[in-house]
Amino acid sequence: MTELAGVMVGNYFLLECLEREGMVETYRARPTTRGGCDVILRIYRPAFPDPTGFQEHFSAEVEKVWRCHHEHIQPLIEYGAGDDLLYTVTQVTEAESLERFLERWENGQQGAPVSALLPLPVVARILDQAGSALHYAHEQQIVHGNIQSASILVEHEGRFLLTDFSMKSPRQESDAVVAQAQGGNAAYIAPEQSLGILSPACDIYALGVLLYRLLTGRLPYDGESPDAIALKHADEPIPSVREWRRDVPEALELVTRVALAKSPAARFPTAAAFVEALDAAIRNDAPPVVITTAPIRRIPVRARRTALTWSRVFTLLSVLVMLCGLSGVIFFFAANPFHLENLPFLPLQNLGQAGTLHMNPSNGATPTTGATPVTTSTTQQSATGGKAPPSRGHTTPVAGVTPLPGTSPTVTPDPTATQPPAPVVCVSGTLSIDGSPYLRSLMQQITGDYNAQCAGLQIGLRTDGTRAINLVQRGQIDIADTDLSAQPARNLSDHPVAAFLYTLITSRDIPISGLTTAQIQAIYAGQITNWSQLGGPNEAITLILPPATSSISSIFHAFVLGGAPISASAYVVKKDQPARILQLVSQIPGALSFVPLAAISGSNPSVQMLTIDGASATPQSLLAGTYTFWSIEHFYTLGSGTSQAQAYIQFATSPQELGQLTKFGAVPLGMIDTTIVQSHVPGPLF
């Protein structure tokens, strides 16, 4: 943004720029009609075009704030909206921000860690005044949207004022899909707010973050970039307050946890309820009471006893006789072991306790030459004295395959081989799979191929993203397919499958075929903002980003940006939909973004793919080690997985299915040199 110091805005002359945060610039200004009393003027400068409709709703929201009259809300003197110029004016006071107050307190209270922290009565006073102001604002249909220590002023005699409203309207179902990327402080933003959903529950979450900061002297989540912090807010457990401050009562710990709940419905229903629970916890060490707004329905039930008749007595005796007979059969077979694997007509053998199974390719006859044996965890445990082997997953031995260190062996398709396909293990039942939306087409192909040969397995396929790792860890699904690596602490079994390619894309109006890594990093750092700086036309670079919580954002951040944060102004798509990004890039001149290679089907005339350091997003460049924008695709199971999951993974990693991967922008790991694979291990962790 160009600094506007020395420019007239309305009746105010801008003296100096005090702060920039997102689309808001704060200036010290001097009115030309009211003498020499300086004011604070905030200018709201959303990027053009404004897909969030911020300019459209600004007048309505700022008028609500201007009409607020509360002792703990800093009043607005004036506001302006029109001709693409949006600003608010407040008085210059001797008050300092709460952030500055905390810095002075901590620097002046050096010594024991606890002595540098605010006393509990002071914490209660700050939250009581801020909470009462926030409750009043919510009653006026105002959502602050920018609660943080920098948006609270500390006046003399311990009076605190709420200021710096975001002037954003609560999200409606009809709102646009994209939102400003740099709106607010990521350290205080609720999980749903990072997706563009703004509601009073977001303010209560931010109050919870502020409470944690006041109690412990630190933020609950920290990271190298706003995207990384947003991902932690959405997925990481709520950290403990008592871990950093032992004098905090358990009731106050519980208040913090309720305010920081991931789900908006699980938080305090109002800011007043939050303040009330906080005061009770500090005064009486009483646990918070969260009152749900849903009415309680009482259903009258009239119990009726059934009369005892001879027919019911006869039925009861018949059931007891059948149970006794069944018990006798069970004892008979327990005393005389019976081996199902010896029956020649059964196709499945060795149904062990682990649920694993072996294929009998010839229905009990001696396997013919060329048959591919299937090895499961049962046989591996026998070879290691009954203990699980250090490697996880399943191995399908095929000639010419070299296992990779740290990964499960995969299959190298041999186009010249004429050996028959490996036998398919057919099982019945149900199988639930969830994971990356980028793999949906590939998983549909594998599922269709399996069901074409084995129709008895009902397979449910969903694409809920990285949360699938949480679901498989809790035993709610059988397989998580993901392009991120699960943290080792999750203790999940890893079945790596392939390398998945991603690509940079831009609009067709930019006559540039590729960028270097240094140029890409400079663009996303905000140092290069116009295509003319790269030899292209005199046109602004418009960045379109996937959600901060998407896996492709983490992969781009790790392997292209080298871990550097994104500082440039950008638009963020609310949902992880590559098709939507393709549409936006094709419609917005000078747009730049990135999508999975599989999202670009055939020749797409509306966008063009860019090379990175001269290498294009192709399997050949990946195998040569010149292309770095890719990730390792995994199947994760809890333990060895169910027998249905084992059979499915066995089929998905078979040679005939691995040959399908290149159609979906993937390359089997067995084809890639070990050193190239190790360059992406473990990759971004989830």
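The values are calculated or read from the model by the stated rules, or taken from the named source; none is laboratory data. Computed from a prediction, not measured in an experiment: that's the story for all the values here. Methodologically, a virtual Cβ is constructed for each residue, glycine included, from the backbone with ideal geometry; neighbour enumeration extends over all protein chains shown.
Among the residues of segment 193-243, write down those that are surrounded by fewer than 21 Cβ atoms within 10 Å (Cβ to Cβ), more than 28 Å from residue 464 (Cα to Cα) and among the hydrophobic types (A, V, I, L, M, F, W, C). Result: 214, 219.
Of everything listed in (1) free of Cβ contacts under 8 Å to residues at least 60 places away in the same chain; (2) within 25 Å of residue 467 (Cβ to Cβ); (3) part of a helix (DSSP H, G or I), the single unmet condition for residue 251 is (2). The residues listed here are 90, 26, 32; of these, the one that is within 24 Å of residue 189 (Cβ to Cβ), among the β-branched types (Val, Ile, Thr), modelled with pLDDT of 80 or more and over 37 Å from the mean Cα position of the chain (by Cα) is 90.
Name the residues in segment 433-465 that are closer than 30 Å to residue 600 by Cβ, part of a loop (DSSP other than H, G, I, E, B) and at pLDDT 85 or above, would you? If you could, list the steps in order and put the result at the bottom.
Quick first cut of segment 433-465, residues closer than 30 Å to residue 600 by Cβ only: 433-452, 459-465.
If we keep only those that are part of a loop (DSSP other than H, G, I, E, B) too, we end up with 436, 462-465.
If the condition is that a residue be closer than 30 Å to residue 600 by Cβ, part of a loop (DSSP other than H, G, I, E, B) and at pLDDT 85 or above, then 436, 462 are the ones that fit.
Close Cβ contacts (under 7 Å, 6 or more residues apart or on different chains) running from residues in segment 516-529 that are β-branched (Val, Ile, Thr) to residues that are part of a helix (DSSP H, G or I) comprise 528/519; 528/522; 528/534. Just one of (1) in a helix (DSSP H, G or I); (2) in contact (Cβ under 8 Å) with a residue 60 or more places away in the chain fails for residue 224. It is (1). Restricting 291, 330 to those that are outside any helix (DSSP H, G or I) and modelled with pLDDT under 80 reduces the list to 291. Within segment 637-675, the set of residues being surrounded by fewer than 18 Cβ atoms within 10 Å (Cβ to Cβ), in a helix (DSSP H, G or I) and at pLDDT 85 or above comprises 674, 675. Criterion first (free of Cβ contacts under 8 Å to residues at least 24 places away in the same chain and among the β-branched types (Val, Ile, Thr)) does residue 446 satisfy it? So residue 446 fails the test. The combined condition, being outside the structural domain of residue 503 (by TED's automatic domain parsing), within 27 Å of the chain's Cα centre (by Cα) and not aliphatic (A, V, I, L, M), is fulfilled by residue 641. Taken over segment 506-547, residues that are among the hydrophobic types (A, V, I, L, M, F, W, C) and under 23 Å from the mean Cα position of the chain (by Cα) amount to 4. Residues in segment 466-498 that are buried (at least 21 other Cβ atoms within 10 Å of the Cβ), in a loop (DSSP other than H, G, I, E, B) and either of a type outside the set (A, V, I, L, M, F, W, C) or out of contact with any helix residue (DSSP H, G or I) (no Cβ under 7 Å at 6 or more places or on another chain) (or both): 466, 478, 483.
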